[in-house]
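Q: Structure below; questions to follow.
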Amino acid sequence: MKKTLKQLSSSQIIILGFAAVILIGALLLTLPFATQDRQGATFADALFTATSAVCVTGLIVQDTATYWSGFGQTIILMLIQIGGMGVVTITVALTVLLKRRIGLRQRSIMQDAISAPKVGGIVRLTGFIIKMTFIFEMLGAAIMAPVFCKELGFFKGLWYSVFHSISAFCNAGFDLMGTKTPYSSLTYYVSNPAINIAIMSLIVIGGIGFSTWEDFCIHKLNFKKFRMQSKVILLTTALLISLPAIYFFFLEFSEMPLAQRIWSSLFQAVTPRTAGFNTVDLTLLSETGVAIMIILMVIGGAPASTAGGMKTTTLAVMLSTAVSVFGRREHTHFFGRRIDSETVRTAATIVTMYITLFVTGGLIISSVEGLPLLTCLFETASAVGTVGLTLGITPELGMISRSILVLLMYFGRVGGLTLIFAALASNKGNTARLPQEKLTVG
């Protein structure tokens, strides 16, 4: 067994780790006491839910609050936490707690899992990630606790606070609001400042990435001293929140009272960053609003974060490359630093993969289910971006469509390049250079 593991690449270990946790979670959710009726879930429903939880997506086929028991909800929350922090991160943390030696191979795997710039300091970085995760999640729970405890009682309110804090920080989107109205998400708290501030803050903090946290801890608010990657992430994130929020404020929610309009616009701009909560009925959005949310879901959050999607840095590289081409400059650059051509090629590959996946999935589901294409594209973008937002069709989909969503969620969480590198780990590649010839494009 150990010999077999040594033969596996880092990418293969990562994808097998996620698959193993999903399978274990699905089996636990089929147990009789995992559901409210003590009958246990079907394996298909359990697998979909476990995949959605580990891949921190939030798409569901059974309402979390009314279908799953306390045990089932706890299993889902544990899967969310493992999926958000990463299977490898949790494993390394347990190894440290057990005071076992972490070899160079384990450190290399950890580097790939959290997209760390170097192997050195991996164990220290893991400890930092776990500590900051606990702090942020507890702060979020503390902010929401007064609201939930007043409404639901102390113990149930505390459980709701912890559950939604972890779910928001891990960008999962699972909620327990089905006791009010099934699949209602946070629509009952559309104007509540504490819930809005806590959930939005947790989504953004979880989605900007571990390396960005480190820059904040070291350099505080001295933006000039941040690493280039952190600068790109923060700038892109700010634009991807502010511009959609302005659109929603003026063109989607203009009939709302001012306070509700502001909260709704901000929340719906933040949540597609792979969180999956919503405070308004998304089926009331115009086609333009739906299309904007699809774009935001596919983009997702930052690398080495709890968020999914093709990542903000990927979008930034592609836009900067386009600007360089328009300006007839040879290289892509940010903040006075040049980006190597390999990064540009990787970004182009990732964009192509994500667009191909969610469009193909949407076309198939639309054809199989006989549903409008834009609605199906919304669900597949939500799945591959590990978001969890829905226009309400997921619980009604057939097995073929659900299977497509499961594959998209898994692909979106472990990463397209991770899967490809895992599949092609044994290929050495051809180093011979072929003859060059011009090809006209554009």
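Q: Pop out the carbon and sulfur fraction of the accessible area of the chain as a percent, whole number, probe 1.4 Å.
A: Working: 13810 of 21090 Å².
Within the chain, the accessible surface is 66 percent carbon and sulfur.
Q: Testing the spin-label approximation: label points 7 Å from Cα along Cα→Cβ at Ser286 and Leu319. State their distance in nm.
A: 2.2 nm
Q: With a probe of 1.4 Å, find how much accessible area the chain has per residue, and write the answer as a whole number in Å².
A: Working: 21090 Å² over 442 residues.
Accessible area per residue, the chain: 48 Å².
Q: Beyond 32 Å between alpha-carbons counts as too far, so tell me which of Lys131/Lys231; Lys131/Lys225; Lys156/Lys311 fall in that bin. Provide the component values of the computation, followed by the final result.
A: Details: Lys131/Lys231 23 Å; Lys131/Lys225 23 Å; Lys156/Lys311 36 Å.
Cα-Cα > 32 Å for Lys156/Lys311; rest within.
Q: Could you work out how far apart the two model spin labels at Ser184 and Leu374 are, taking each label as a point 7 Å from the Cα in the direction of the beta carbon, and quote it in nm?
A: With each label point 7 Å from Cα toward Cβ, the separation is 2.8 nm.
Q: In percent, how large is the relative contact order of the chain, given Cα pairs closer than 8 Å and 6 or more residues apart? Working shown, then result.
A: Numbers: 721 pairs, mean separation 77.3, N = 442.
Answer for the chain is 17 percent.
Q: If we sort 251-259, 397-405 on the protection proxy, mean other Cβ atoms within 10 Å, highest first, what's the order? If you can, show how the numbers build up before the last one.
A: Working: 251-259: 13.1, 397-405: 17.2.
Descending packing order for the listed peptides: 397-405, 251-259.
Q: Something else: Which one of Phe277, Phe18, Phe334 has the biggest mean-square fluctuation once the chain is modelled by GNM with Cα springs under 10 Å?
A: Of Phe277, Phe18, Phe334, the most mobile in the Gaussian network model is Phe334.
Q: Still on this structure, I have one more. Which order do the peptides 59-66, 238-245 come out in when sorted by mean C-beta neighbours inside 10 angstrom, highest first? Display every interim value, and only then the final one.
A: Details: 59-66: 21.2, 238-245: 16.2.
With the highest mean Cβ count within 10 Å placed first, the list reads 59-66, 238-245.
Q: Sort the stretch 325-372 into rounded, prolate or oblate with this rule: let a ≥ b ≥ c be the square roots of the eigenvalues of the Cα gyration tensor; rounded if a/c is under 1.5, and if a/c is not under 1.5, prolate when a/b is larger than b/c, oblate otherwise. Could the numbers behind the result be given before it?
A: Numbers: a/c = 4.68, a/b = 3.47, b/c = 1.35.
Prolate is the answer for the stretch 325-372, as a/c is 1.5 or above and a/b outweighs b/c.
Q: With the crude spin-label approximation of a point 7 Å out along Cα→Cβ, what separation in nm comes out for Cys217 versus Phe134?
A: 1.3 nm
Q: Still on this structure, I have one more. Hey, of (i) 24.0; (ii) 20.3; (iii) 25.9, which did the structure itself give for mean projected area of the Cα convex hull in nm² when calculated?
A: Read-out from the structure maps to (i).
Q: Just to verify a number: FRET efficiency for Leu31 and Ala142, C-beta to C-beta distance, R0 = 35 Å, to 0.05?
A: The pair Leu31/Ala142 has a calculated efficiency of 0.60.
Q: Per the helix-only calculation at 222 nm, which mean residue ellipticity applies to the chain, given -39500 (n - 2.57) for every DSSP H run of n ≥ 4 and division by its residues, nearest 500 deg cm²/dmol? Don't skip to the end; give the middle numbers.
A: On the way: 19 runs with 277 residues, N = 442.
Calculated from helices alone, the mean residue ellipticity at 222 nm is -20500 deg cm²/dmol.
Q: On to the next question. At a 10 angstrom cut-off on C-beta neighbours, averaged per residue, how do the peptides 380-389, 219-228 rank from highest to lowest? If you can, show how the numbers build up before the last one.
A: On the way: 380-389: 31.9, 219-228: 12.4.
Ranked by mean Cβ neighbours within 10 Å, highest first: 380-389, 219-228.
The values are calculated or read from the model by the stated rules, or taken from the named source; none is laboratory data. The structure displayed is predicted, hence computed values, not measured ones. Cβ: placed from backbone, ideal geometry, glycine included. Neighbour counts: every protein chain shown. With ligands, DNA and RNA removed, areas are computed over all heavy atoms of the protein, side chains included. Shrake-Rupley method; radii C 1.70, N 1.55, O 1.52, S 1.80 Å.
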